[in-house]
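Note sheet for the following structure.
Every number in this text was worked out from the coordinates using simple rules, so none of it is lab data. In this text the structure is predicted, and so the values were computed from the model without any measurement. Because the Cβ atoms are built from the backbone with ideal geometry, glycine has one as well, and the counts that use them run over all protein chains shown.
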Amino acid sequence: MTRIYSIILGIAVLAVSMALSGCTDDFRFDPEGEIDGSTRSVGVCVAFEPNAESQVASRSASGQSIQDINTLRMLIYDTEGKLIYDYTAYKDNKGGHEPDVITNEAYDGKSDNRLPEESNLQDKAAGKLTYDLKIRTGKYYIYAVANADDLTTAEIDTRDKLKAVERIWNNDPSRLSENSEMFGIFSTKPNREASDDSPVTISNTTQNLHCWIRRLASKVTVAFDGSELFDNVQIFIENIAIRDIPRSCTLGMPNKVGEGLSGTEAEVESLLYPLGDTVFIQDVHESGKTIVPENFYHICNGAHPYLGIGADGNDPAIIDKYHAPAAKSLFFYENLQGTGKDKRQDADGDNKLDHPGLSPDDPYYKLKDDKPFGSYIEVKGWYRCVAPDQHVSEGPITYRFMLGKDETTDYNAERNTHYKLTLCFKGYGNDADWHIEYKESREIQVSTPMYISYLYNKKMMANVKITGKMEKGYRLRATIKDCSWRPWGDGSNSFPTPMKEAYTSTPTYNDGPWNSFLSLHQTNTIKLEQPGWEGAPSNKFDAKQCIDYNRQYYTDNSKGERFYEVEPQSNGYDSNAVGASGMYFVQELANDGIATTARMFSIPLFTSAKELMTKTGFTGNNPYTSYPRNSTIELCVVDASGKVVPDFEPVSINVIQVRRIINPKGVWRKSGSTEGFHVQLARIVEYGDDGFQPFKSEGKWSAEVISSGASPITLTSTPAGSGSGNASQNGVYRIEGESEHPIDFRINFNGTDGCAIVRVRYHNYTCEHDIYCREGYAPIDITGEGKQWWPSYNVDHFVNGRAEYTKSPLQEGSLFRRENYTAILASNNHKYGLGVAPGTFDVINPDGTRGTATWSGITPSVNTQAQADGQTYSRWTITNPDEHIATGADFYTLIAKNANDITFHINKAYGVLYGDGATETQMTTDAAYGYDRTDGADDPRGMRGVFVFNSENCRQTFFPIGFSGYGHRKSAGGWANNDPDGALRYASRSEAMASGLDLTPLFLDLYRRPGAVYWLEHLYQTMPTITNDSGNSYQDNSKSCAFDMNFFTMSFEGYGGLDAVPAGDASRSHGCFIRTVRSTPPH
């Protein structure tokens, strides 16, 4: 309901001292005193206070804009009502204007003038004007008039004419202070309700004259309370206005505007200003910014019930702030309209609107509750409901409230009153005491934007409501109108405009949505490959060919267009089976007894494959950690011939692919550890930022433990993520988080070895992020086939051919040149960073001793010979029992043999792993990426890398890319490479691409993108080839001498055959990491 409180405003004039005239021995006690014709000196106090409060249960000029006394005239009339004295007691902020009559003037604008019993009735004390007045004893009618020094004698020469004077409202907001007239009646005793039914008697015992002076104007403030809104409802307030305010007001008589008139349009226009002042809060719909809570002040039931943005909006004291004396206010003259019909929307409590009409054409329309001369408050905003049901809707909304002393039948907006209105929203944005104008103006209703995961091959369900009858053959059509590979932003707080350094502005060859993230049909492949060349290395093709095929595939499979049947069907349409388009649903919401008149569609939207022709770099996975990507979908109704049905106006929705989240991506613990971890899902906001920021979920979020057996972890909620007023969710496998709260919770490790995944769903569960958890670091069989056990550590150094491992899974280990056992320690990356010519490296020699060496002094070797398997290649051997340096065959067991096999259970994820000693998400890149300990000790810092996991049993391992982000040193020369020998860099090139950006725009700054290269056991002097079933031959990348892990494009494949040893020339060998594999279970 609406809360209304009103406070009366006044000014008091009080005689505070009196100098007795005559001799003291003539004095005799007389409680009435005598009218003896003597002249008395009477102390006078004109007191004024904040407006009387009328709190009904909004902001412009300051609430004190018309508070002060600038001029005060004291008007004294005889008992016949004729003016006999017109004294200027105060003017131009000083006295002295009537020196023979008025003396000792003193003005105090902040003094407490209230009666003792009134201290709780007003905003605060507001001040007084005091002076001494010489006046002859007698009977008088005495009045105070403030801020109306333009009154002429002819206008006020009788008291009846004085009280009937009409003051004219100045509706120019910049001249609001000109509407500050005040009027009061004097009495000899403090009396807020003093009347002039009889004259005041000034006798020889009168000591005081007192007057509470009242403004002709009142003010309104508006606050909001959305604590009883339903979830998923957001109301964005744009402005608050006061409408139909009186053009004039009588000075001393009740201002009954339009009394006796019928309320014609002409009469109303002549007596009322249609618009008074307006409080502008924000421009929402026309701002050009995406309408989401992070961008605008809004009201919701969780984080911002009292109107706010960011951290502001959850304190009930905000209501008091909006109603404070100095708060921005809307002013108007008194407007007394008596009583009338119950102004509530549902006065009879039958849960139906009593007068739902929105215009005079509606049969139940009641213009201003049948009070044509009444004044009202109007609140305009933008309504948004993102509920996944029939309530989904958005559009402009207006709330109106007729002013009066209560929320039911009183329409008297009295003078000198502070009306405190609190608009209390309930349910889906309703307030029973306010009239609401909200009509779903379109037949197709959606809420925009919608969010979809940054991950490839993901799905979200979009809800679309359509009202109106549909003929046989009608269908709903969705069309992707725009979808770019580029980062996107609209310049708002939530979506900053991408910096020009983040992407190229070079036009892309044959560009279109086929190079980006969105599909209307289920994605049935992980990696898009040209038919007949499945499995071929990405460098086999010309980039133009690849883009052309992207388009062909997109078009042939109608990825950008889909039609949906309109007849309700409880079991849904289509199928989620592999190869199908994905199931959608149609639900009946209403019917007229013959046909369906309203429907709810739940249609799936999909992210594209991970690699859209690897050569191009295009991907369905958002590669940008700092920016989202954006798409526009048009929805329309078409008839059987495919023509758009004009009765259903097409609508567009924005689908935003959220920023790529990499922090945190994993939390690991050693065996027996019960050390927990505080998750704060965080993102990088701007390109080049060196810090992360937690972000809030727009809509509810959840975190759930995925595990194939006994889980090593449970979850616990936090007040920050799940709301301080909600019960704690402790030691459970699923927790719920509140809308507009950060994704914030705790992972508890129970000391038992095992693997699990925490699946986070946010933005109303439409987006996913996984966190990979593991306890125990023993070698692990990822595939479950009993053939390979992957250690959790990289090789740190060798001792006489035996691999010695790092002491933490986060340690990157050392870099090695081909078949040389000299370890180039990771600590060298601090000395010789990205692209820097190295001097002398700190190394561990092949015998395990420490030393130094130069790049050229670490001599690679290639020993090509016939091997036991009958093939000829160079094999890098180690002496560890049952272990070998990982082969291409080992790595390729982690890759689907057929890119269309989306059921393949080994997948990859890229992000930050935290290990022992890390108990919370780090918020700087140095801390999140920078684990560089050489002793493997516990540390709060994290490490970037690649997680390889089994989706069926959650088993996982991790390949670090190094604290620098560049797990690779390379030789000089080659493609666009100006780096010196031994320079640290992941990419082959050393500079930004100056050409070819029209074909591979995502490779603009490949030269500084992160990644790592790992050696493989075999090196073939001539790369083997494969001839596939189509008869096409190509290089077998599984026989490469190294393995490539691109953190940016998320490619995971053989490193271009001999690229790590260019042309098989051992002297040009690069420096790469080493991971080994066990062929037997660990002991």
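Pairs exceeding a 22 Å alpha-carbon distance, out of LYS128/LYS219; LYS219/LYS256; LYS219/LYS289; LYS469/LYS559; LYS380/LYS426; LYS91/LYS321: LYS219/LYS289; LYS469/LYS559; LYS91/LYS321.
For the stretch 278-351, GluC sites (Glu not before Pro) are listed when DSSP marks them as loop and at most 14 other Cβ atoms sit within 10 Å of their Cβ; the list is GLU286. Modelled spin-label separation between THR752 and THR924, with each label point placed 7 Å from Cα along the Cα-to-Cβ direction: 3.9 nm. Listed by chain and number, the lysines whose alpha-carbon sits under 29 Å from that of LYS1039, ignoring those within fewer than 8 places in the same chain, are LYS527, LYS540, LYS544, LYS610, LYS615, LYS787, LYS897, LYS908, LYS970.
Taking 7 Å steps out from each Cα toward its Cβ at GLU567 and THR264 produces label points 5.9 nm apart. A straight Cα-to-Cα reach below 18 Å connects LYS500 with the aspartates and glutamates ASP490, GLU686, ASP689, ASP690, GLU991, ASP998, ASP1005, residues fewer than 8 places away in its own chain not being considered. Using 19 Å as the cut-off for backbone N distance, which residues of the stretch 586-611 belong to the label zone defined by a point 7 Å from the Cα of LYS472 along Cα→Cβ? From the stretch 586-611, the list is 592-597. A Förster radius of 30 Å combined with the Cβ-Cβ distance from ASN1032 to PHE904 puts the calculated FRET efficiency at roughly 0.85. Derived scalar couplings between HN and Hα for the stretch 665-674 equal 10, x, 9, 10, 9, 6, 4, x, 6, 10 Hz in order, rounded to whole Hz, by the Karplus curve 6.51 cos²θ - 1.76 cosθ + 1.60 (θ = phi - 60°), x for Gly and Pro.
Amide H contacts under 5 Å for PHE183: ALA146, ARG214, ARG215, LEU216, restricted to partners 5 or more places along the chain or on a different chain, H placed in the peptide plane at 1.01 Å from N. Let a ≥ b ≥ c be the square roots of the eigenvalues of the Cα gyration tensor of the stretch 814-913; is it rounded (a/c under 1.5), or, if not, prolate (a/b larger than b/c) or oblate? It comes out oblate by the Cα gyration axes. Reported to the nearest whole Å, the Cα centre-to-centre distance from the stretch 734-795 to the stretch 972-990 is 36.
Each of the peptides 164-172, 658-666 was scored by the mean count of other Cβ atoms within 10 Å over its residues; in descending order, highest first, they stand as 658-666, 164-172. Seen from PHE891, the other residues with C-beta closer than 12 Å to its C-beta sum to a net charge of -1, counting Lys and Arg as +1 and Asp and Glu as -1. Placing R0 at 35 angstrom, the Cβ-Cβ distance between ASP160 and ASP348 gives a FRET efficiency of 0.20 after rounding to 0.05.
Distance from the Cα centroid of the stretch 592-644 to that of the stretch 529-544 is 27 Å (rounded to whole angstrom). Stretching the chain fully between GLN865 and LEU589 yields a gain of 91.9 nm (0.36 nm per residue, less the alpha carbon separation). Entry note, the chain: the mean residue ellipticity at 222 nm calculated from DSSP H runs of n ≥ 4, each adding -39500 (n - 2.57), is -1000 deg cm²/dmol after division by the residues and rounding to the nearest 500. Approximating the spin labels as points 7 Å out from Cα along Cα→Cβ, the GLU178-to-ASN70 distance works out to 1.0 nm. What the Cβ-Cβ distance of GLU437 and THR597 gives, at R0 = 25 Å and to the nearest 0.05, is a FRET efficiency of 0.65. Values [x] 1.10; [y] 1.15; [z] 1.08 are given for comparison; Rg/Rh (Cα atoms, Kirkwood Rh), derived from the coordinates here, is the one labelled [y].
Residues whose amide H comes within less than 5 Å of that of ASN820, counting only those at least five positions distant or on another chain, are SER861 (H built at 1.01 Å from N in the peptide plane). Stretching ALA727 away from ALA106 to a fully extended chain increases their span by 217.6 nm, per 0.36 nm per residue minus the current alpha-carbon distance. 3J(HN,Hα) along the stretch 523-531: 7, 10, 8, 8, 9, 6, 10, 6, x Hz, from the Karplus curve 6.51 cos²θ - 1.76 cosθ + 1.60 with θ = phi - 60°, whole Hz, x for Gly and Pro.
Inter-part distance, the stretch 1005-1063 to the stretch 881-921, computed on C-alpha centroids, equals 16 Å. Work from the charge dipole of the chain (Cβ charges, +1 for Lys and Arg, -1 for Asp and Glu, about the Cα centre) and give the residue of LEU261, MET461, ILE76 farthest towards its positive end. In the chain, that residue is MET461. Note: relative contact order over the stretch 436-555, using C-alpha pairs below 8 Å and six or more positions apart, is 21 percent.
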